[in-house]
Structures are given as structure tokens and as C-alpha cells.
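S.K.: Below: one structure in C-alpha cells.
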Amino acid sequence: MRKLSIAIIDLVAKAPTRSYWGRVMYANFASIMPQVIARWSEEQGHKVTLVCYTGREDLSKVLPDRVDMVFISTFTEAAQLSYALSNMFRSKGAVTVIGGPHARCYPQDAQKYFDYVLGFTDKELILDVLRDCAQHRPEGMCLSAGHHPTELPGVSERWKFIEQTLRKAPFIKIVPLIGSLGCPYTCGFCIDSSVPYQPLGLERMKEDLRFLLSKVGRPRIAWHDPNFGVRFDECIDAIEEVVPPDRIDFIAETTLSLLSEPRLKRLKKNGFKALLPGIESWYGLGNKSKTGKKMGMDKVNQISQHVNMILRYVPYVQTNLILGLDVDYGQEPFTLTKRFLDLSPGVFPAYSLLSAFGQAAPLNLELQRANRVLPFPFHFLNNNQAMNVRPQNYSWPEFYDHLIDVTKYSFSKKMIFRRFNATRGAIPRWLNVVRAISSEGFGRIRYFTEVRRRLDTDRKFRRFFEQETTEIPQFYVQRVRDELGPFWEWLPKGALHHDPNAYLMSQQERPFPITRT
Ligand code: SF4
């Protein structure tokens, strides 16, 4: 095989930024797969340069002048940046490849701008792409391994890439690990709901933990499992076997149904410092919160007691809720959220606006069939800057009124103060304050208020929301232009637009993608 010069770009920022939050935290959001691809490529003798792009790097300085192939891993919110980068590297003769959640959600769109679009990616598939290394234009080649890989290179094999990324994080340094892929639950909106649960090897997990203890004084680890702890006892047994009690700080996303009190005791003993359970709705998805058929205030009371119990063992708890679900109607869901905060002031509430990411989830097909998906530019599809699903039971102004009201309540001075007092430990307390007063709290209140104002005053803006036109409002175009800065000129013509029903069309037209089993 010809020896290639390869660039791998892990986009954790969607545009250049000097934000303080980005400076402190973005390097901690690095993905695992770009490091894995770097490792597999190096094994074949290729020359690899990996960059975790946090919005501060000058890519012309950190990457070689000429590369044969560029891999870009991205979430949908950074898709427009990735398209601009692909265009820029293609102009210098490189072959470009996109992977990560955006490629899985919007392959039909991504193939207009990349030579290869990767779905599930394993080693064989990467080796095929490296061997082929050819231009596929105007339509890129969509490839998928059919399922996730069954094993991944361990931390020791990825260490040089992890270390170079962590150097960018000035204070808090978090190492990404993964113990499982997919999820046994079936939440209709989630990209992992249709991916079978697949544990990775426990021996590899133990090796990784031992290695980290030998390299870092007190490691901080974020588990990237979609739902950590499905195999609770095996995972915690493995941790206890190799890690002395409370020698590593762990962060994990998990479902409430897995968090019984005896398990929380074990988590505390083993250094779990932050948990991010999903509540999602006061009216549905009771299986994952172990609230069964309970709804409304009954569910609020039960979850509140559960979360307060978690806070006795784990200092930082973020609860995730989705706003705008079809089960929601009127003011009550928002009022229930406020009551929940009153009863559980120690949690940090994270809100997501109902979003349909292309072909991420089976539910999206129904939404597209019902013509409820709006073509907001990808740049805004991060669960909060745009809700690309027309709500079933609210007009847009009504929905934004409720949204602004609940966000203001959540990040009011009174609530910030109560949250501070109800949280233990300096880092969790101040992290909550910083998140509330930065773009996540105050920033969103300002942003939602501006959207709400325009719904009343900007006719073209409102027509887009009402699906009377697909012309993207100037407000959004200008924001992308301003935020992309120097990359705007590389954004290919038409790349702000996408077909919101491409998934539905692909089902009718042809099977997709080429799947190797
Ligand atoms: S429990 Fe979490 S990871 Fe699993 S399907 Fe539901 S939302 Fe997705």
C-alpha cells in the first residue's frame, strides 16, 4: 500500500472561538474514534497528524502543508465547518472522509462534499478506504461496516493522541474511555436506540485503568458509553479489581433505572463524581427512569426523591429533559419542571429541544412523513439553538414563551443560589454557577428571547418556522457567516441548505448505504 500523509481532525468546536468555556473544557470533549483511526492508520505505516479542533488552532500551522487524505469527525452542529474544511483540503489535492454522528445522520448530504462518508466504522473498513484513497465526485461513496467494531485499541495504544489533546486543557483534564456501545433501551428519539447493546472487553477496560494510574496522578475519566452501567456489577467489579477506592474520578451518563441505593454506595466508594441521568419527559419513557406508568406530578415526586438520594452519594448530577415532545401539552410540563427544581435544587437541569437528526432514529421517519421537520442549517442543530421539529401541541410563539419562562426560572438568581447551597464540593458548586451565567444559562435566555421577538416582528423569519418557505432567514445566515469567520469563504455553494426529508426519500429510492457484513 502507498504510504500516505494523513490528517485527522476531531471537530469539538463548530467554529473558531475564544470563549473561556471553550478554552477550559473543549479539549475534554475529544472523541475516541479519531484516535482509533489514527492508530489503525499508523499501524499500516502511514504518517498521521491528529488535531482535536477546539476553535483556537490555526489548522494551517498544526497540519502539514500537503496531505493525501483528511478524515474529519463531527457532530451535526459542526457540519458546515466540516464542509468548508473539506472544500479547502480538496482544493489542495486531498481526498476527504467524514465520519462521526453527522455522517451517520445525514449521509445523503455529506456525500455532496466528501469523497467517503462512513457509517459504522471498523478496522477493515478503514483499511479499505486507505487502500482505495481515490476521489469520488460529485457524489462521495457511502460505506458502513454494518455494526460497531467489537474491540478498539486501548488507551496505551492511543496515549500519544490523548496526551497531546489533554495538553490543551489547562485545569481539568478528562480522559475518554468506553466500555460498551449501543443501548438496550428504545427511546424513539435517540441515535443509540436502534443500535444493539454491545459490551466491550472487561480485560481491556482493566488494562486501560491500570495504564492511566501509571501515567496520571489522579485520573479523571469520562465514560463515553451511551448508557454506562447496563452491566453494572461486571463493570464495577472490574474497576474495584484494579483501582484502589476513590483513586480515579469518574463521570458517566446513565439511566435512573440503573441507580439503586446499593449501587450508588458502590459508585461513591469507587470515585464516581458526576452522573448525567436522563428523565426526558414527565409523561413518557417511564421504563428508563423506573417510574413505570407514573405521570405528571407523581413522576416529579418520585424522580425528585430518587435524584436527591443520588446527590447524597454523587456530588454532581445533571438531569436531561427534552422539551416539545408530542406527549407534552399546554403549560403543565413546564410547571412540572419548575416544581422538580424546587424539590431537587441540587441538580443542574439540561434541556434539549426536540430535534430530528436526519436518519439517526426511527421516529424521524414518521416526523418526515408528517412533514414536520424544518431545514434549519446544521450549524444550529445542537439541541438548543434550533428545534427542527414543528411541535405537535404548541404554536411556535406559545412554545418559546414556555421555553423562556422555564429557562429563566432555572437560571434565576434565587435558583442559582439554591443550587449552590444544595451542592457539595467546590468544583461542582462553581461549575453550576459558571454554566448558569454563561452561554448555557443566561446566553440561552437572551437567544430564545431574540427568536421569540422575531417570531412576532420578522415576517420572513416566521414564514420559515411556519413552513411557508424554505428560504433560510437572514438572521441564521448572518450568524453562520459571522461565526465561521475565515472558513465562510470555503463553504461550498448551497451547503447551508439540506433536504430535511432525505431519509424518507432514501427509503423510497434505494437501499443505503453499501454495507459490508
Ligand atoms: S436510555 Fe439513553 S442511550 Fe439508551 S436509547 Fe434511551 S436515550 Fe438513548
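S.K.: In region 410-436, what count of residues is obtained for those that are part of a helix (DSSP H, G or I), in contact (Cβ under 8 Å) with a residue 12 or more places away in the chain and either touching a Leu at 6+ places or on another chain (Cβ under 7 Å) or among the charged types (D, E, K, R) (or both)?
M.R.: Residues in region 410-436 being part of a helix (DSSP H, G or I), in contact (Cβ under 8 Å) with a residue 12 or more places away in the chain and either touching a Leu at 6+ places or on another chain (Cβ under 7 Å) or among the charged types (D, E, K, R) (or both): 5 in total.
S.K.: Does residue 382 count as part of a loop (DSSP other than H, G, I, E, B) and on the phi > 0 side of the Ramachandran plot?
M.R.: So residue 382 does not fit the description; no.
S.K.: With within 30 Å of residue 241 (Cβ to Cβ) and more than 24 Å from the chain's Cα centre (by Cα) as the only criterion, which of 269, 273 stands out? It would help to see each step written out before you state the result.
M.R.: Numbers: 273 fails: more than 24 Å from the chain's Cα centre (by Cα).
Checking each option against the conditions leaves just 269.
S.K.: Taking region 478-517, which residues are among the β-branched types (Val, Ile, Thr) and at pLDDT below 95?
M.R.: Those that are among the β-branched types (Val, Ile, Thr) and at pLDDT below 95: 514, 515, 517.
S.K.: Could I ask something else about it? Taking residue 109 as meeting all but one of (1) open to solvent by 30 Å² or more (accessible area, probe 1.4 Å); (2) touching a residue at least 40 places away in the same chain (Cβ under 8 Å); (3) assigned to a helix (DSSP H, G or I); (4) not hydrophobic (A, V, I, L, M, F, W, C), write down the number of the exception.
M.R.: (1)
S.K.: Look through 190, 183 and report the one residue that is closer than 24 Å to residue 108 by Cβ and surrounded by 17 or more Cβ atoms within 10 Å (Cβ to Cβ).
M.R.: After ruling out the rest, the residue left standing is 190.
S.K.: Within region 78-106, how many residues turn out to be open to solvent by less than 10 Å² (accessible area, probe 1.4 Å), out of contact with any Leu (no Cβ under 9 Å at 6 or more places or on another chain) and among the polar types (S, T, N, Q)?
M.R.: Count: 1.
S.K.: Any residue in region 121-131 that is open to solvent by less than 20 Å² (accessible area, probe 1.4 Å) and within 16 Å of the ligand (Cβ to nearest atom)?
M.R.: No, region 121-131 contains no residue that is open to solvent by less than 20 Å² (accessible area, probe 1.4 Å) and within 16 Å of the ligand (Cβ to nearest atom).
S.K.: What are the pairs with Cβ atoms under 6 angstrom where one residue, in region 275-296, is more than 21 Å from residue 353 (Cβ to Cβ) and among the polar types (S, T, N, Q) and the other, located anywhere, is modelled with pLDDT of 75 or more and more than 10 Å from the ligand (Cβ to nearest atom)? Sequence gap at least six, or different chains.
M.R.: 291/299; 291/302
S.K.: Next question. What are the residue pairs meeting all of these: first residue in region 58-75, first residue exposed (fewer than 15 other Cβ atoms within 10 Å of the Cβ), second residue part of a helix (DSSP H, G or I), Cβ atoms under 6 Å, and 6 or more apart or on different chains?
M.R.: From region 58-75, no pairs qualify.
S.K.: Follow-up question, since we're still on this one. Take residue 221 and decide whether it is open to solvent by less than 10 Å² (accessible area, probe 1.4 Å), touching a Leu at 6+ places or on another chain (Cβ under 9 Å) and among the aliphatic types (A, V, I, L, M).
M.R.: Yes; evaluated as a whole, the condition is true for this residue.
S.K.: Here is a further query. What number of residues in region 78-108 are among the charged types (D, E, K, R) and farther than 18 Å from residue 487 by Cβ?
M.R.: 1
S.K.: Another question about this same structure. Within region 113-140, track down each residue that is under 25 Å from the mean Cα position of the chain (by Cα) and more than 21 Å from residue 360 (Cβ to Cβ).
M.R.: Going residue by residue through region 113-140, those that are under 25 Å from the mean Cα position of the chain (by Cα) are 113-123, 125-126, 140.
Result: 115, 123, 126.
S.K.: In region 142-165, what residues are open to solvent by less than 60 Å² (accessible area, probe 1.4 Å) and assigned to a loop (DSSP other than H, G, I, E, B)?
M.R.: Scanning region 142-165 gives 145, 146, 148, 149, 152, 153, 154.
S.K.: Now for a different question. Out of the residues in region 91-106 meeting the condition of being assigned to a loop (DSSP other than H, G, I, E, B) and under 20 Å from the mean Cα position of the chain (by Cα), tell me which one is farthest from residue 375 (Cα to Cα). So that I can check it myself, show each step before the final result.
M.R.: First, pick out the residues of region 91-106 that are assigned to a loop (DSSP other than H, G, I, E, B): 92-94, 100, 106.
Restricting the remaining residues to those that are under 20 Å from the mean Cα position of the chain (by Cα) gives 100, 106.
Working: 100: 21, 106: 12 Å.
Filtering region 91-106 for residues that are assigned to a loop (DSSP other than H, G, I, E, B) and under 20 Å from the mean Cα position of the chain (by Cα), the one farthest from residue 375 (Cα to Cα) comes out as 100.
S.K.: Oh, and also: Just name the residue that is most open to solvent (accessible area, probe 1.4 Å) out of those in region 226-254 that are farther than 17 Å from residue 310 by Cβ and of a type in the set (A, V, I, L, M).
M.R.: Filtering region 226-254 for residues that are farther than 17 Å from residue 310 by Cβ and of a type in the set (A, V, I, L, M), the one most open to solvent (accessible area, probe 1.4 Å) comes out as 230.
S.K.: Continuing with this model, one more query. If residue 66 satisfies all but one of (1) under 25 Å from the mean Cα position of the chain (by Cα); (2) at pLDDT below 95, what's the number of the condition it fails?
M.R.: Tallying (1) under 25 Å from the mean Cα position of the chain (by Cα); (2) at pLDDT below 95, residue 66 fails exactly one: (1).
S.K.: In this structure, does residue 172 turn out to be within 30 Å of residue 430 (Cα to Cα) and modelled with pLDDT of 95 or more?
M.R.: no
S.K.: In region 1-50, what residues are surrounded by fewer than 19 Cβ atoms within 10 Å (Cβ to Cβ) and in a strand (DSSP E or B)?
M.R.: Correct list: 5, 47, 49.
S.K.: Right, another one. Condition check: over 24 Å from residue 428 (Cβ atoms) and either within 16 Å of the ligand (Cβ to nearest atom) or open to solvent by less than 50 Å² (accessible area, probe 1.4 Å) (or both). Does residue 299 satisfy that?
M.R.: Yes: the conditions hold for residue 299.
The values are calculated or read from the model by the stated rules, or taken from the named source; none is laboratory data. What you see is a predicted model; the values in this text were computed from it and never measured. Reconstructed Cβ throughout: ideal geometry from the backbone, glycine too, with neighbour counts over all protein chains shown. Just the protein is used for accessible areas: all its heavy atoms, side chains included, with ligands, DNA and RNA removed. Shrake-Rupley method; radii C 1.70, N 1.55, O 1.52, S 1.80 Å.
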